[in-house]
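The structure appears right after this line, and notes come after that.
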Amino acid sequence: MSGHSKWSTIKHKKGAADAKRGQLFTKLTRAIIVAAKEGGPDPGANLALQNAIEKARSYSMPKDTIDRAIAKGSGADADASQFETVVYEGYGPSGVAVIVEALTDNRNRTASDVRHTFAKNDGNLGGSGAVSWLFERRGLVLVDAEDADEDELTLAAAEGGADDVSLDGTTFQVTSTPESLSSVRAAIEAAGFAVDSAELTMVPKTTVEVANEGEAKKVLRLIDQLEENDDVQDVYANFDIPERVLEAVAG
């Protein structure tokens with residue numbers, strides 16, 4: 001089990017019930033607007049939009065809000081054209097590799113903020129390609145293990161085009177190619193399973209174990225502070241924090 005996968009689970013459960021729901025919806029809406037602007041309003045022909053919608057649905061964004069965001073983006077809205085996708089790469093405490101994906105209307109501001117966050121949390125921002133080779137883009141669907149039979153879930157996921165189903169704590173992780181994410185989610189839901197989240201993620205090829213509580217706190221603090229940045233859409237890291245340490249830090 002990778003620390004990144006545990007973090008994905010924690011992040012979703014935290015975000016779904018967080019008081020910062022408004023900030024989260026703003027980020028999700030921005031992603032939909034930009035995806036529709038760049039690739040058109042048809043999710044079937046626009047993978048980026050399809051995945052932005054999947055992520056928004058995972059956080060219970062209302063359908064009419066999603067539809068308005070698509071309309072705004074596809075209508076040549078001036079706000080959408082101001083934003084661009086920027087990716088930052090670096091290392092955090094204990095040599096943990098970190099990728100930060102942002103949508104910004106001011107590169108200089110965002111770069112400065114991200115660099116400062118790395119620096120004050122014992123990290124270092126690197127150049128393009130510094131750590132991306134340590135990750136691969138995958139579709140990830142999370143299903144609560146307490147409400148799911150593994151064999152039935154595996155069968156449904158396979159019918160949707162999934163590559164693997166694994167158990168991480170109390171959560172089943174269903175992975176697929178980015179192109180199959182939507183069909184995998186649809187197949188799982190059609191089989192009667194409730195989906196906790198469905199989104200594109202960066203899965204680490206190798207992980208860095210962080211067994212020290214102090215170092216684990218530093219790593220999670222870095223991730224938290226990066227995600228609090230309004231321009232940051234997603235943060236990925238390859239840490240592997242043992243369950244006992246994760247529980248102690250969370251407590």
So which pairs qualify, if the first residue must be in region 220-246 and more than 20 Å from residue 130 (Cβ to Cβ) and among the acidic types (Asp, Glu), the second must be open to solvent by 20 Å² or more (accessible area, probe 1.4 Å) and assigned to a helix (DSSP H, G or I), the Cβ gap must be under 7 Å, and the two must be at least 6 apart or on different chains? 230/23
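So, in region 87-146, how many residues would count as being outside any strand (DSSP E or B) and either at negative phi or surrounded by 21 or more Cβ atoms within 10 Å (Cβ to Cβ) (or both)? Show your work before the answer.
The first filter runs over region 87-146 and keeps only residues outside any strand (DSSP E or B), leaving 92-96, 105-123, 127-134, 145-146.
Checking the rest, the ones that are also either at negative phi or surrounded by 21 or more Cβ atoms within 10 Å (Cβ to Cβ) (or both) come to 92-93, 96, 105-121, 123, 127-128, 130-134, 145-146.
The number of residues fulfilling the criteria is 30.
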Answer from 198, 211 - the residue that is of a type in the set (A, V, I, L, M, F, W, C) and farther than 30 Å from residue 153 by Cα: 211
Go through (1) in contact with a Gly (Cβ under 8 Å, 6 or more places away or on another chain); (2) open to solvent by 30 Å² or more (accessible area, probe 1.4 Å); (3) at pLDDT below 85; (4) not β-branched (Val, Ile, Thr) for residue 37 and report which single condition fails. (3)
Of everything in region 234-251 that's open to solvent by less than 30 Å² (accessible area, probe 1.4 Å) and among the hydrophobic types (A, V, I, L, M, F, W, C), which residue is nearest to the chain's Cα centre (by Cα)? 235
Unique residue being assigned to a helix (DSSP H, G or I) and modelled with pLDDT of 85 or more when the list is 6, 27, 13: 27
Which residue pairs have Cβ atoms closer than 7 Å, lie 6 or more positions apart in sequence or on different chains, and pair a first residue in region 170-183 that is over 11 Å from residue 158 (Cβ atoms) with a second residue that is open to solvent by less than 20 Å² (accessible area, probe 1.4 Å) and of a type in the set (D, E, K, R)? 181/54; 182/54
Qualifying positions in region 154-190 - in contact with a Ser or Thr (Cβ under 6 Å, 6 or more places away or on another chain) and surrounded by 15 or more Cβ atoms within 10 Å (Cβ to Cβ): 160, 161, 162, 165, 168, 171, 173, 184
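Quick check: is even one residue across region 209-219 at pLDDT 90 or above and within 15 Å of the chain's Cα centre (by Cα)?
Within region 209-219, none of the residues are at pLDDT 90 or above and within 15 Å of the chain's Cα centre (by Cα).
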If a residue has to be surrounded by 13 or more Cβ atoms within 10 Å (Cβ to Cβ) and either free of Cβ contacts under 8 Å to residues at least 60 places away in the same chain or not basic (Lys, Arg) (or both) to count, how many in region 44-67 make the cut? 16
Evaluate region 68-77: report whether one residue or more is surrounded by 14 or more Cβ atoms within 10 Å (Cβ to Cβ), outside any helix (DSSP H, G or I) and at pLDDT below 90. yes
Return the only residue of 224, 231 being surrounded by fewer than 20 Cβ atoms within 10 Å (Cβ to Cβ), of a type in the set (Asp, Glu) and within 15 Å of the chain's Cα centre (by Cα). 224
List, please: which pairs have Cβ atoms under 6 Å, are six or more places apart or on different chains, and start with a residue in region 14-38 that is over 16 Å from residue 225 (Cα atoms) and basic (Lys, Arg) and end with one that is assigned to a helix (DSSP H, G or I) and at pLDDT 80 or above? 37/73
Restrict the check to region 200-210 and report whether at least one residue is free of Cβ contacts under 8 Å to residues at least 60 places away in the same chain, within 27 Å of residue 27 (Cβ to Cβ), open to solvent by 50 Å² or more (accessible area, probe 1.4 Å) and not in a strand (DSSP E or B). no
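The values are calculated or read from the model by the stated rules, or taken from the named source; none is laboratory data. All values reported here derive from a predicted model rather than from experimental measurement. In this analysis, Cβ positions are derived from the backbone assuming ideal geometry, glycine residues included, and neighbour counts consider all displayed protein chains. Protein only, heavy atoms only, side chains kept; ligands, DNA and RNA dropped before computing areas. Shrake-Rupley method; radii C 1.70, N 1.55, O 1.52, S 1.80 Å.
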